[in-house]
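In what follows, a single structure is set out as structure tokens and then discussed.
The values are calculated or read from the model by the stated rules, or taken from the named source; none is laboratory data. Source: prediction; values computed, not measured. So basically every Cβ, Gly included, is an ideal-geometry build from the backbone, and we count neighbours across all protein chains shown. These accessible areas exclude ligands, DNA and RNA; they are computed on the full protein's heavy atoms, side chains included. Shrake-Rupley method; radii C 1.70, N 1.55, O 1.52, S 1.80 Å.
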Amino acid sequence: MEWDGAVNAWHTAGSVFRMGRREWLTETGWQQAYDGGIRTVIDLRNPDEIRRRDTDPVVRAETMATFDVVHAPTEDPANSEFQALCVPYLNHPASYADNARIFPEKLAAVFKAVAAARGGVVIHCSAGRDRSGMIAAMLQDLAGAGEDAIARGYERAVRGINEHHRVSGVPHPHERYLPEEALAPLLESRLESLLRFVRSVKAEEFLRHNGVTEPELAAIWAKLGR
């Protein structure tokens, strides 16, 4: 999505989108998102991640007041099992199934937020790759997208944040830009893990089992254009 300042911003399905941290958007970018129908922002980050950086653009409070910002973290970083499995953070689809197993109520809460959302929805985490990727894969599965489409969506996100690392003036504490010869084999492994997750989690079954109601599922499918 060509929202000014947005990093790793992509269409998921219907009126649902995904991106990296929202603080990267400029005033113009938020207006473009609004003009495109976005009214709800669902932030998957943990509370201590949510902050403005000195390098972030200034956006008027009046602009942000036109959006509903919902905080729905997908994890509890203090959980000891999660800490042992996801080092230094959730950074690979191989860990998605464990995230869903340890925090099913948190993932369900994200989908309940989508169901209740006003207007178009953009879901974001920090990089827009793994927490967003986990939720996006489940949303695409609900939308009836095939595995090829789900894999393409994740590949775009991996390549998008990798390109951001190449041009960003703020180095990431753990990641660096990877040239194609290094990225390609890692991407192949990630895509294999992603599709194993999609096949095993069975998004609709998972959500029903974890308290997402029939009316909420209907509202989610409506958002997904199904």
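Quick look at the numbers
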| quantity | calculated |
| --- | --- |
| Within the stretch 1-114, helices (runs of 4 or more DSSP H) holding 3 or more residues that are under 15 Å from the mean Cα position of the chain (by Cα) | 96-102 |
| Of all residues making up the stretch 122-133, the number that are assigned to a strand (DSSP E or B) and out of contact with any Gly (no Cβ under 9 Å at 6 or more places or on another chain) | 2 |
| Residue selected from the stretch 177-207 under the condition aromatic (Phe, Trp, Tyr) and closer than 24 Å to residue 107 by Cα, by the criterion surrounded by the most Cβ atoms within 10 Å (Cβ to Cβ) | 197 |
| Check on residue 118, touching a helix residue (DSSP H, G or I) at 6+ places or on another chain (Cβ under 9 Å), in a loop (DSSP other than H, G, I, E, B) and basic (Lys, Arg) | no |
| Filtered residues of the stretch 24-79 (kept if of a type outside the set (Ser, Thr, Tyr), open to solvent by less than 30 Å² (accessible area, probe 1.4 Å) and without any contact (Cβ under 8 Å) to a residue 60 or more places away in the chain) | 25, 29, 30, 46, 56, 67, 72, 75 |
| Residue within the stretch 87-103 that is at pLDDT below 95, surrounded by fewer than 16 Cβ atoms within 10 Å (Cβ to Cβ) and under 21 Å from residue 172 (Cα atoms) present | yes |
| Hits in the stretch 104-141 - residues which are open to solvent by 10 Å² or more (accessible area, probe 1.4 Å) and free of Cβ contacts under 8 Å to residues at least 60 places away in the same chain | 106, 109 |
| Single condition residue 152 does not satisfy, out of (1) over 22 Å from residue 24 (Cβ atoms); (2) among the charged types (D, E, K, R); (3) in contact with a strand residue (DSSP E or B) (Cβ under 9 Å, 6 or more places away or on another chain) | (3) |
